[in-house]
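Participant: Please see the structure below; I have some questions.
The values are calculated or read from the model by the stated rules, or taken from the named source; none is laboratory data. What you see is a predicted model; the values in this text were computed from it and never measured. For accessibility, only protein heavy atoms count, side chains too; no ligands or nucleic acids. Shrake-Rupley method; radii C 1.70, N 1.55, O 1.52, S 1.80 Å.
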Amino acid sequence: MADLLDVDTTDSLTVTVRDAGDVVAVADDPMLAAYAAAATRASTAVTLPADVVVHDDLVVTASGIGERRVPYWVDPDGTVHLARIR
């Protein structure tokens, strides 16, 4: 995650996602289902949860850094946020 924010570490940062986004069931979205299948084939350690939060414009706010547009984000509670694929 630190690479997405262009910092050395995220240990001391508080990061929040700017907007709520839309909760989407991966199995119900053909693009997300294909993405999840490809990610799993690439590495069995990579799996998407059943539901992800999709954002038109995924922006996180990091303490001391400000806002950053990112393609994905994983909250400490494991919630996966993705920028909508256009």
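Participant: Roughly to the nearest percent, how much of the accessible area of the chain is carbon and sulfur, given a 1.4 Å probe?
Facilitator: For the chain, the apolar C and S fraction of the accessible surface comes to 52 percent.
Participant: Please calculate how many Å² of accessible area the chain carries per residue, with a 1.4 Å probe and no DNA, RNA or ligand atoms counted.
Facilitator: Spelled out: the 1.4 Å probe surface of the chain, per residue, equals 64 Å².
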